[in-house]
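Below: the structure, in structure tokens.
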Amino acid sequence: MSNLEHSNFQITKTKGLASAKYITKRRRLQYSSRRVRQGQLDFQSIMPHKVNVQSLPEDIVLRITSKLTLKEAAWASVLSSVWKQACVFHPNLYFGIETDPGSHAKGEEVCSDPSKRMLTISKFIERVDAILKNHCGTQVNKFAVKFGLSTKHTKHINRWVSFAIASKARAVILDLSPNRNPFAYDDNYAFPFQLFDGQNGSYLNVLQLESVTLGPSPDFCGFANLKMLDLHLVILLQDLRQLLSKCCVLEWLSIRRCFELSSLCVPEPLCRLQYLRLQNCAFRSIEFHAPNLTTFEYGGSPALMNFSKCLKLKTAAIWIDVTNTLKYMLTGIPSILPNVETMHVELLIRNEMSGFTWFPLKFISLKHLTMELTCWGNTKLVFQLAYLLEAAPLLEDLHFEMLGLGPISCPVEDVVDIMDLPHYHLKTVCITRFCGNDGQVELAKYILKNASILEHLILKLGGGEGCTSRVYILHGRKEAKERLAPLARDGVLTIL
């Protein structure tokens, strides 16, 4: 070996050893950090000897503490007076049974024993009051309470909300559902709109409420800078339209399981709204004027919807609770969401569509479609998914996940009523849980025959549970190789 080669060898060896040492040291630090978080290792024992944690500058300590939870900050407060003082300025105040340093109670135990529950609630309230009493009351970013409380604890919760208002908290989260009956509406805490005015309400950017009641608020001035509103299991005793009209910069709105809400018509423009989620309510009519809305998620029964003024709405996720969901998807949804380009749909298909061969409306912009299907019935139910190619002429990517199907199905006898129509844009089709069901095979054959520029047909074998899963996989592979492979161009069919 020449001197130059020997020198290069030594350099490479040195770099390799240095890299290995670095990786080992990093893994050791990660492991030690995890043990510190779990309370298994003393914080100071893993620090380099040249760094004195107790003498770190105050601004560094504040920065470190801001990244910790309240529970972790309480552990760190024993290091020195500087660390203890840093807890007073903690910007994220999250109070829940699992983060209370002095509590080890499990939610199930608290819920099953009324006396334990009352004791735990009392201790929780005392703990929150003690922390807030010692807090500086400024520089709060997030104030959150996740604990099963009710109208009986109104004075305590109001006091905490007043603290959040006074500290100019940007996010307020009240989740009062844990360990209590979420349908005990009469026992709900009433959110105190009366505590907010035009000045102190202007600091709030995020409001998340669960298992509370929103009562009438005729003198409420609104939230001038509220960007995110999340309502879950909320009882609405006021017109939600009035509340939304006073949130002019709202960007993100979610309403879930608010069962009394049957109509949500907001004709006033919400010019900054970009995301809207409506799930598991009792809607009969929905109307929004949101010119910048881009994403819409809906779950529930069919409702009259008007999004004609939401021209930028390009992404949607839909779950419809109706028996004939496929027909509703092909006829109802295109009229509601004509400009959507990407859509995820969850359907329960029970009945086949009879006498249905044409489409008055189509998905004129849809390019990417993902469908999660639960199919109960004969083979024709699955094959009728071929109508999607006619309903979405610009579709490029189509993904199915099929649940509830078995490999043994009735012979396909009268499925030829779907006319062969060439599709000029479909490039990728994926069928997950392909088990060789006759409906799946006929659907794949239709796609291979009519998608003129198809590049990939991917069959992900599966279905069934436990020992039956292997039977489904073997049958699916056999059917794909025997009935589909001969029809596919080279490189198009992939069996996984």
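The values are calculated or read from the model by the stated rules, or taken from the named source; none is laboratory data. These figures come from a predicted structure and were not determined experimentally. Backbone-built Cβ (ideal geometry, glycine too); neighbour counts: all protein chains shown.
Quick notes on this structure:
- Restricting attention to segment 125-139 and to residues that are in a helix (DSSP H, G or I) and touching a Cys at 6+ places or on another chain (Cβ under 9 Å), the residue that is surrounded by the fewest Cβ atoms within 10 Å (Cβ to Cβ) turns out to be N134.
- Boolean, L236 is modelled with pLDDT under 90 and aliphatic (A, V, I, L, M): yes
- Checking each residue in segment 363-381 for being more than 24 Å from L337 (Cβ to Cβ) and either modelled with pLDDT of 85 or more or among the β-branched types (V, I, T) (or both) picks out only T379.
- Looking at segment 396-496, none of the strands (runs of 3 or more DSSP E) lying wholly inside it contains 3 or more residues that are within 19 Å of C375 (Cβ to Cβ) and at pLDDT below 90.
- The set of residues from segment 190-241 being basic (K, R) and touching a Pro at 6+ places or on another chain (Cβ under 9 Å) comprises just one member, R241.
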